[in-house]
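Let me begin by presenting the structure, written as structure tokens, before commenting on it.
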Amino acid sequence: MDALITWFTGGQFALAVGKWAAIALAISLFLLSLRRSGERAGRLAERLEIREKANEIQRRMLKATARRPRNRDQLAQRLRDGQY
């Protein structure tokens, strides 16, 4: 029995199986890391899109603030002219 275990673990077949197992493990770990980095990139892209949308809304609000009437007289004048 001991001879069989020694032959199996030290022979050419065992070395070949070990090499292929190591290669398969390395490929599977590489694919797993690609998947995780893809998920992370997707989350970052989504956060960037949300931030750009919020910045655009804030820019529009600032432009509207710049166009607003400064006092009641200007507001009344705009309402009379029909520009509001």
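The values are calculated or read from the model by the stated rules, or taken from the named source; none is laboratory data. All values derive from a computational prediction rather than experimental measurement. Neighbour counts run over all protein chains shown; Cβ positions are idealised from the backbone, glycine included. For the accessible areas, the whole protein counts, side chains as well, though only heavy atoms, and no ligand, DNA or RNA atoms are used. Shrake-Rupley method; radii C 1.70, N 1.55, O 1.52, S 1.80 Å.
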### Task
With respect to Leu62, determine if the residue is more than 23 Å from the chain's Cα centre (by Cα) and assigned to a helix (DSSP H, G or I).
yes
## Note on the structure
Ala14: passes all of (1) open to solvent by 100 Å² or more (accessible area, probe 1.4 Å); (2) touching a helix residue (DSSP H, G or I) at 6+ places or on another chain (Cβ under 9 Å); (3) in a helix (DSSP H, G or I) but (1)
### Query
Residues of segment 45-59 being under 21 Å from the mean Cα position of the chain (by Cα) and either open to solvent by 100 Å² or more (accessible area, probe 1.4 Å) or of a type in the set (Phe, Trp, Tyr) (or both), which ones?
Glu46, Arg47, Glu49, Ile50, Arg51, Glu52, Lys53
### Query
Which residue out of Asp81, Asp73 is more than 43 Å from the chain's Cα centre (by Cα) and modelled with pLDDT of 90 or more?
Asp73
